[in-house]
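*Asks:* Pasting a structure here, questions to come.
Bear in mind these aren't lab numbers, they're just calculated from the coordinates by the rules spelled out. These numbers were taken from a predicted model, which means no experiment stands behind them. Glycine gets a Cβ as well: all are built from the backbone with ideal geometry, and neighbour counts include every protein chain shown.
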Amino acid sequence: MSHLLEVKNLSVYYGTVKAIDNSSLFVNEGEIVAILGANGAGKSTLLKAVCGLVPIAQGEVFFRSQDIKGLTPDALVKKRISLVPEGRHIFQSMTVLENLVIASENLLIGAKNLVVGAFTIGGNAATQEAANKVFELFPVLRERKNQKAGTLSTGEQQMLSIGRALMLKPDLLLLDEPSLCLSPNYVEMVFKKLG
């Protein structure tokens, strides 16, 4: 049986320090998998290695049975793998809508409709459809679409970070510490939406 994602015997170093030692996992289509461990156990490093953000010392990574080890992050986005990083990393001075549009696959390829400082999604059907799906998932983002992202609550910023990753229409969504610093209400809501 072919897995959506398969990581085999992965090892990663930061200098001479081994961050991950011979780790393996697989994810099947439609499956939700959690990686548990203490701070410093290598959970974030594992996700970064899969996404091409840190070099892999040894091991293999397959997505849909294709070897993706060593591919650049932008090549992995084109394969429809998306990461929601720990700490959100949203563009604080941009609006909610600008954050979503700038993440759009169509924008990265070169949408014709971009006006710096006044992003629109009207003429780009794929981007508009993706943004509307994010707004359906997180209605508060629609209400705040013209608000600067840095003024959102922590929970709303996390929704925006997830929404930005969803703009790429991923087949594999990797979330690093999705509940970090969120209130119990937001944690419950985010996990219900993702389930």
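*Asks:* Just how far, in whole angstrom, is segment 73-93 from segment 160-195 if you go by their alpha carbon centroids?
*Replies:* 12 Å
*Asks:* Treat each spin label as a single point 7 Å out from the Cα along the C-beta direction, and report the E136 to S11 distance in nm.
*Replies:* 4.7 nm
*Asks:* While we're on this one: What is the distance, in nm, between label points placed 7 Å from the Cα along the Cα-to-Cβ direction at R64 and at T154?
*Replies:* Going by the 7 Å Cα→Cβ label model, 3.7 nm.
*Asks:* For E177 and N146, FRET efficiency with R0 = 22 Å and r from the beta-carbon atoms, rounded to 0.05?
*Replies:* Taking R0 as 22 Å, the efficiency between N146 and E177 is 0.20.
*Asks:* Same structure again: Please list the three semi-axes, largest first and in whole Å, of the ellipsoid equivalent to segment 59-107, using sqrt of 5 times the eigenvalues of its alpha carbon gyration tensor.
*Replies:* Listed largest to smallest, the semi-axes of segment 59-107 are 27, 13, 7 Å.
*Asks:* Any idea how many Lys pairs in the chain come in under 14 angstrom at the alpha carbon, given 8 or more places apart or on separate chains?
*Replies:* Lysine pairs meeting the criterion: 9.
*Asks:* Can I ask one more? Using the Cα centre as the reference, give the magnitude of the dipole from point charges on the C-beta atoms of the chain (Lys, Arg: +1; Asp, Glu: -1; all else neutral), rounded to the nearest 20 debye.
*Replies:* With only Lys, Arg, Asp and Glu charged at Cβ, the dipole is about 320 debye.
*Asks:* While we're on this one: May I ask you to derive the FRET efficiency for Q92 and K192 from their Cβ-Cβ distance with R0 = 30 Å, giving the value to the nearest 0.05?
*Replies:* For R0 = 30 Å, the calculated efficiency reads 0.65.
*Asks:* For the chain, modelled as a Gaussian network with Cα springs under 10 Å, which listed residue fluctuates most, L160, L168, L152?
*Replies:* Ranking L160, L168, L152 by mean-square fluctuation puts L152 first.
*Asks:* What percent do you get for the relative contact order of segment 5-79 when only Cα pairs under 8 Å and 6+ apart count?
*Replies:* The normalised contact order for segment 5-79 reaches 35 percent.
*Asks:* GluC sites (Glu not before Pro) within segment 1-66: which are DSSP loop residues with at most 10 other Cβ atoms inside 10 Å?
*Replies:* E31
*Asks:* So I have [x] 19; [y] 27; [z] 32, and one of them is percent of Cα pairs over 29 Å apart calculated from this model. Which one is it?
*Replies:* Computed from these coordinates, percent of Cα pairs over 29 Å apart corresponds to label [y].
*Asks:* Right, another one. So what does the Cα-only Debye profile of segment 5-79 read at q = 0.16, 0.27 Å⁻¹, as log10 I(q)/I(0), no solvent term?
*Replies:* Here the Debye-derived log intensity ratios amount to -0.55, -1.43.
*Asks:* Over the chain, with a Gaussian network built from C-alpha contacts below 10 Å, which listed residue (A34, A149, A130) shows the highest mean-square fluctuation?
*Replies:* So, out of A34, A149, A130, the one fluctuating most is A34.
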